[in-house]
Amino acid sequence: MLQILRNIGAYILLMRRVFTKPEKKEVFRKQIITEIDFLGLDSLGIVAVLSVFMGSVLAIQTAYNIDSPWIPKYTIGFTTRQSIILEFSPTIISLILAGKVGSRIASEIGTMRVTEQIDALEIMGINSANYLILPKIIAAVFINPILIVISIFLGLLGGWLVSILGNDITTETYLYGIQYCFKGFEIFYALVKTAVFAFIITSVSGYTGYYTKGGALEVGWASTKGVVYSSILIILFNLILTQLLLG
């Protein structure tokens, strides 16, 4: 318990150092653009593949479970839409990004720590926490919601393709199901969750990497801890945000 409280305290103190005014705004802007490429655009491929196949699986499972003639066929589109927007795209994709992006951040910053690059930045009078972590947080909070919007579109596209190819429903019926009882607030809910999860992934992984001690083995442990801690917090805050926004 004491170790948990110590970690929380160290995390809060680190975030106080992270969220300070950047010293060189031009360098800071360039870092953000670089991080958007590394943390967001590099993940587009895996997000696209997962979204298409998961949308397909959701449509197949929904069609399989419709065994009553009283249940309309447009339920396939409706259920696929609800599952993708409310849970799959914002939460499951964020968990995948926690593994891909989080481990990358923790190992990158952890390697800089054990090779004394962070110490060199501090000696030069640079706020290393702000310089290394803040651009990653801003980039992820900006680009991850865009990735989730793409994920939602591709998930619905995957559901449509498998429904048409499997002769389950027509395009018109599937589109009607997607539009049925649609609430714009659901998109807002998904994007809010995504932004919070993006902050968790980058800040927690940055924290585990920043306080790495030892050598290459410890960098690996820091990477693993970053993924595990981020995933646990994503699940916890998924519950909290769902209760606050939908409860």
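Relative contact order (percent) for the chain, with alpha-carbon contacts under 8 angstrom and 6 or more residues of separation?
Numbers: 315 pairs, mean separation 82.8, N = 247.
After rounding, I find 34 percent.
Of 118, 92, 147, which is farthest on the positive side of the dipole of region 24-246, counting Cα position, with +1 on Lys and Arg Cβ, -1 on Asp and Glu Cβ, and the Cα centre as origin?
118
Which of 100/213; 24/136; 21/100; 100/183; 136/193; 100/136 have a Cα-Cα distance over 25 Å?
Details: 100/213 22 Å; 24/136 16 Å; 21/100 29 Å; 100/183 31 Å; 136/193 18 Å; 100/136 14 Å.
Those over the limit are 21/100; 100/183.
If the viscosity is 1.306 mPa s and the temperature 10 °C, what Stokes-Einstein diffusion coefficient in µm²/s follows for the chain when Rh is the Kirkwood radius over Cα pairs?
Numbers: Rh = 19.5 Å.
Reported coefficient: 82 µm²/s.
Please check: in the Gaussian network model of the chain (C-alpha springs, under 10 Å), which one of 145, 135, 72 has the largest mean-square fluctuation.
Result for the chain, Cα springs under 10 Å: 72 fluctuates most.
Would you mind putting 112-125, 40-53 in packing order, based on average other-beta-carbon counts within 10 Å, highest first?
Working: 112-125: 14.1, 40-53: 16.7.
Taking the mean over residues of other Cβ atoms within 10 Å, the ranking is 40-53, 112-125.
Rg and Dmax of region 23-115 over Cα atoms: what are they, in angstrom?
In Å, with Rg to one decimal and Dmax whole: 19.7, 66.
Between helix 25-35 and the chain, what is the angle of the helix's C-alpha long axis to the longest principal axis, kept within 0 to 90° and rounded to the nearest 10?
Long axis of 25-35 versus the principal axis of the chain: about 50 degrees.
For region 7-63, what does the alpha-carbon gyration tensor say about shape, rounded, prolate or oblate, given a ≥ b ≥ c as the root eigenvalues, a/c under 1.5 as rounded, and a/b over b/c as prolate?
Because a/c hits 1.5 or more and a/b fails to exceed b/c, region 7-63 counts as oblate.
Only the coordinates and a few stated rules stand behind these numbers; no lab work does. The structure displayed is predicted, hence computed values, not measured ones. Methodologically, a virtual Cβ is constructed for each residue, glycine included, from the backbone with ideal geometry; neighbour enumeration extends over all protein chains shown.
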